[in-house]
Amino acid sequence: MYSPLQKLLSALLLIISICLVSLSLWSNLAALLSQSAPFQQITSSPAPSETTYPASALGISTARVSTPSSLYAKAYCLLDADSGRVLFGKESDQKLPMASTTKIMTCIIALENADLKDTVTFSSHAASMPDVQLNASSGETFRLIDLLHSLMLESHNDTAVAIAEHVGGSVEGFADLMNRKAEELGCTRTYFVTPNGLDAKEHYTTARELCLIARYAIQNKRFLKIIQTPNYSFSNTKGTRTFAIRNH
C-alpha cells in the first residue's frame, strides 16, 4: 500500500509529464505554422479586366481554318441549311457554269409541276443528247418517276431533256420555270438555259446560290427519297427493255 505522500508525488509527476509533452507538441506546431504563409484578410476587389491573347501565344495554329488545304475548287460555299447563314466560302458569288448540278433544279421543277405517274415520250432531240445517257430511243415511253431516278442517280442527259419537254412543253418553256423558281429562291445571279447543264451560253450560277437551290431541294421528301435510293430498276412502258441503275 502506498502512503498518502507517495500518491501525491506520483500525481504531481504525472501532471508534470503531461505538461512537458503538451509543451513539446505546441512548439512543433508553432514551428510548422511559422513556415507557412500568414493568413490574410479577404477583401472584395474589382474583377480583373478581360485580356485577349492571340492564338499564336497559346500555341494554337489557325492555318487550317483560314486556308483549307484540301479544297482546290475555284469557288465554294458552306451554308447552314437550317438558318441559311454562310459559314465559309471563296468566290461564292462569282458566276460560273453549273454543269450537272443543274439537274437538282430539273428534278424539283418536275416534282412540283407534274404527276409522277405521267408517261414521258422521248423526242428525237432528247434521244440525241450526248453521254452520259439512258440511251432511250426516239418515241420510247417511260413513267416520270422512273426517269427522275435516271436523272438523279446516273445524271442522264437525254433523260433531262425528255423530262423538260414533257413538263415545260419545250426546253425553253422548262427553262422559264427553272428561272422563275430561282428568282423565287432569291437567286439573282443564276440563269438556266438547259435542263441537263451541258455547256450553253448564259447558263450559270454561283456557289452560294447553288447552296440556296440545294437547301430548298432537300426540304422535298420525294427529292430526298430519290437521291437516297442506292439501286433502282425499271422498264419502258411497253416492258420491252429493262434498265438497272445505281447511285453514284
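The values are calculated or read from the model by the stated rules, or taken from the named source; none is laboratory data. Predicted model only: the values in this text are computed from it and were never measured. With ideal geometry, Cβ positions are generated from the backbone for all residues, glycine too; neighbour counts draw on all protein chains shown. For the accessible areas, the whole protein counts, side chains as well, though only heavy atoms, and no ligand, DNA or RNA atoms are used. Shrake-Rupley method; radii C 1.70, N 1.55, O 1.52, S 1.80 Å.
All but one of (1) over 16 Å from SER123 (Cβ atoms); (2) in contact (Cβ under 8 Å) with a residue 40 or more places away in the chain; (3) in contact with a strand residue (DSSP E or B) (Cβ under 9 Å, 6 or more places away or on another chain); (4) open to solvent by 20 Å² or more (accessible area, probe 1.4 Å) hold for MET152, so report the exception by its number.
Going through the list (1) over 16 Å from SER123 (Cβ atoms); (2) in contact (Cβ under 8 Å) with a residue 40 or more places away in the chain; (3) in contact with a strand residue (DSSP E or B) (Cβ under 9 Å, 6 or more places away or on another chain); (4) open to solvent by 20 Å² or more (accessible area, probe 1.4 Å), MET152 breaks only (3).
Can you find a residue that is hydroxyl-bearing (Ser, Thr, Tyr) and either farther than 22 Å from ALA244 by Cβ or in contact with a Lys or Arg (Cβ under 7 Å, 6 or more places away or on another chain) (or both) anywhere in region 159-171?
yes
Check off (1) touching a His at 6+ places or on another chain (Cβ under 8 Å); (2) part of a loop (DSSP other than H, G, I, E, B) for VAL161 and give me the number that stays unchecked.
(2)
The rows are residues; the columns are (1) basic (Lys, Arg); (2) in contact with a Gly (Cβ under 6 Å, 6 or more places away or on another chain); (3) surrounded by fewer than 20 Cβ atoms within 10 Å (Cβ to Cβ); (4) in a strand (DSSP E or B).
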{"position": "GLY186", "(1), (2), (3), (4)": "no, no, yes, no"}
{"position": "GLY197", "(1), (2), (3), (4)": "no, no, no, no"}
{"position": "GLU202", "(1), (2), (3), (4)": "no, no, yes, no"}
{"position": "GLU209", "(1), (2), (3), (4)": "no, no, no, no"}
{"position": "ARG215", "(1), (2), (3), (4)": "yes, no, yes, no"}
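Can you list residue pairs whose Cβ atoms sit under 8 Å apart, with the first residue in region 185-203 being closer than 18 Å to GLU165 by Cα and free of Cβ contacts under 8 Å to residues at least 24 places away in the same chain and the second being of a type in the set (Gly, Ala, Ser) and open to solvent by 20 Å² or more (accessible area, probe 1.4 Å)? Count only pairs 6 or more apart in sequence or on different chains.
The qualifying pairs are VAL193/ALA200.
Can you tell me which of ALA136, ALA207 is touching a strand residue (DSSP E or B) at 6+ places or on another chain (Cβ under 8 Å) and closer than 26 Å to SER83 by Cβ?
ALA207
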